[in-house]
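Notes for the one structure printed next.
A short reminder: the numbers here are calculations on the coordinates, not readings from a lab. Remember, it's a predicted structure, so these values are computed and weren't measured experimentally. For neighbour counting, all protein chains shown are included, and Cβ atoms are generated from backbone atoms with ideal geometry for every residue, glycine included.
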Amino acid sequence: MGSEETWHHGLVADWWAEFNTGGPEIDYFGQFVEDAQPALDAGCGSGRLLLPWLRAGYDVDGCDVSADMVARCRDLAHREGLAANVWVQALHELAPPRRYRAIVACGVFGLGSTREQDKKALRRFHESLEPGGTLLLDNEVPYAKTRRWPSWTKEGRGNLPEAWPSPGERTRAADASERELRVRALSLDPLDQTLLMEIRADKWVDDASVASEVHTLSMRMYFHAELLLMLEATGFAVAAVDGDHRREPATADSDFLIYIAERI
């Protein structure tokens, strides 16, 4: 299971660009970027992190596997008069035009990729950093979502695929259309530690349905000790592990672990 495809295309990319803004990750990772430039936002999407950093005057580039997301990032930057150096590239194929003092991989590791591709991505990060540079990689622990965790069991997997959630509240976009996203789990492979998800994006104009898209995405889940070994095997020394995008050590109660890893 796993491919280079993600669900961040078309109507889903529209949603991410318009509604998926803000979050503690911007300031958390931004503290590191401010002190270590140039930096790369690896998996920048539509610029949720990148655009605020460009506004702050940081020297930061961006890349993403989705051409649709990169196009929206460029467009949003252009509207603000910002120069965004962004390009389309998968993490395991990363070949940037320069080396960086910091690389941020926020919410992207293990998405739509194979385990071997994830290992290659870590090696590419290492090669793309200056000596002594820092990789900042976050990972949501597999047990963070209590609704999904039972699906790891034989009984829980028997309840998959899930039915589509009932239509919920629509969100009005800047173009006056209404949008909605619905997500469901299709399958979970506990040996491969991969959850296959499906997302449906709908668009209405004047209460009439004008577009609907369905995309799939594989999400490979990693445990803490596993990621430590992977980072060490690819030439990194893990200096610290923060929890939940705060400058505090991670604990067993942390949903997100952020690995601060230095290139040896």
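Some values worked out for this structure:
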item	result
Cα pair distances of the chain binned at 10 Å [whole percent]	7, 28, 36, 22, 6, 0
In order through region 99-113: 3J(HN,Hα) via Karplus (6.51 cos²θ - 1.76 cosθ + 1.60), integer Hz, x for Gly, Pro	8, 10, 7, 8, 10, 10, 10, 9, x, 10, 5, x, 8, x, 10
Phi-based couplings in Hz for region 86-93 (Karplus 6.51, -1.76, 1.60; Gly and Pro marked x)	10, 8, 8, 6, 6, 4, 6, 10
Region 27-119: trypsin sites (Lys or Arg not before Pro) in DSSP coil with no more than 16 other Cβ atoms inside 10 Å	ARG98, ARG99
Hydrodynamic radius (Kirkwood) for region 82-170, which is based on Cα pairs only, to one decimal in Å	16.3
Positive-end residue of SER113, TRP152, VAL141, charge dipole of region 105-156 with Cβ unit charges	TRP152
Assigned charges on the beta-carbon of Lys, Arg, Asp, Glu; the chain dipole about Cα centre (debye)	320
Net charge dipole size for region 1-157 [Lys, Arg +1 and Asp, Glu -1 on Cβ; Debye, nearest 20]	460
Extension reserve of the ASP75-THR153 stretch, reckoned as 0.36 nm per residue once the Cα distance is removed	23.7 nm
Selected from THR216, PRO190, ALA173, residue furthest toward positive end of dipole (region 149-219; charges at beta carbon)	PRO190
When the convex hull of its Cα atoms is projected in every direction, mean area for region 149-219 (nm²)	5.5
Extension gain (nm, one decimal) between TRP87 and THR251, 0.36 nm per residue minus Cα-Cα	55.5 nm
